[in-house]
1. Can you give the FRET efficiency to the nearest 0.05 for residue 118 and residue 314, using r as the Cβ-Cβ distance and R₀ = 51 Å?
2. Using a 10 Å cut-off on Cβ atoms, rank the peptides 171-177, 68-74 from the highest mean neighbour count down.
3. Based on the Cβ-Cβ distance of residue 34 and residue 257, what FRET efficiency does E = 1/(1 + (r/R0)^6) give at R0 = 25 Å, to the nearest 0.05?
4. How many nm separate the modelled label positions at residue 180 and residue 106, each set 7 Å beyond the Cα in the direction of the Cβ?
5. In angstroms, what radius of gyration and Dmax does segment 180-319 have, counting Cα atoms only?
6. Quick one: check the C-alpha center-to-center distance for segment 202-271 versus segment 155-182, whole angstrom.
7. Specify the angular offset, from 0 to 90 degrees and rounded to the nearest 10, of the alpha carbon long axis of helix 147-157 from the longest principal axis of the alpha carbons in the chain.
8. Could you state the angle between the C-alpha long axis of helix 208-220 and the longest principal axis of the C-alpha atoms of the chain, as a value from 0 to 90 degrees rounded to the nearest 10?
C-alpha cells in the first residue's frame, strides 16, 4: 500500500492530528478502496491484540490501524508496538497518535528508531506559525492570500485553528479563490471576540438573552447574516447527528461513525442534555427557513436572525 507502514503523529493540536490521520487513510484507500480502518485506544488494546490485527488475512486487503492516545499505553503494550515496528506487515499502516510530552516517550523513541514517518502537530502559539497556517490553508483549498490579508483575517477571526480553517474555506467559496482585504472586512471585521459559532452555542445552550446580545454585537461589527445562519445550521445538525448515533458506541468508534473529532462530540453531548428529538427536528426546520430568508434577501435580516435565535431556544424545551 502507498501509505507509510509507520506514522508517528506527535502533538496536541487536534485539528492537525486529525488531518494527519486522514491523509494516511486517504493514501491507503487511493490504492485499495476496501482498506479497513481500525481505531484503537489504550483501553481496548489488550496484550496480543496488535499481533492478531497485523497477522496475514485469508481474505487479503489492507488495514490502517490508528492508535489513539498512544501516550497512555502501558510499558508492556509499548514494548509490543515497538517490537512490531521493527518488522511491520506489508499490508498494514500503523498510525500512532501521541499528545507529546514525557508520558509514553518510550513509544516515540522506539517508533522513531524504527523509521516511522514523524508528523508534528504541536499547538500553534507563535504569530508567524499562525500566519503560515492560514496561507497554507488557503493554498490547500486552491486559493491565494497575501501576507497582509492573512494577518488581517487572523486579527478578525481570532487564534482558534478550526475557526480560521472555516473562515478560509468560506472566503474561498465566496471569492472564487483570491482573497482580498475587502472580502475579509465584509465577512469577518470585528469578530475576534464573537462569531456565528458563539451565537449558535449560546442559543443551543438555551441562553436567549446572551445569544441575542452576541447576535446584535456580531451584526453591529459587520458579521455576515449568512455566516451566522450557517453556524446555527451546523450546530443544530450536530445535535441531530450525535443524538441519532447508534447506542453503545463510545470514544474513537463514535468519532469514526460520525466523522467528528472527539472534542466536538463531547461538546454536542453536553448541549443535547436539554434537547429532545422533537426539539431538534423543530430547530432544523426554523434554521432552514431562516437560511432561505437571509439568502433570499430578507427585507430585515436582523429581525429574521433574532426570530430564528428565539425559535431555536424555544425548540430546546419542546417535548
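1. Approximately 0.50, to the nearest 0.05.
2. Highest mean packing first, the order is 68-74, 171-177.
3. 0.85
4. 6.0
5. In order Rg, Dmax, the Cα atoms of segment 180-319 give 15.5, 49 Å.
6. Result: 20 Å between the Cα centres.
7. 70
8. 80
Taken together, the values in this text are just the output of simple stated rules run on the coordinates, not laboratory data. These numbers come from a predicted model, not from an experiment. Cβ: placed from backbone, ideal geometry, glycine included. Neighbour counts: every protein chain shown.
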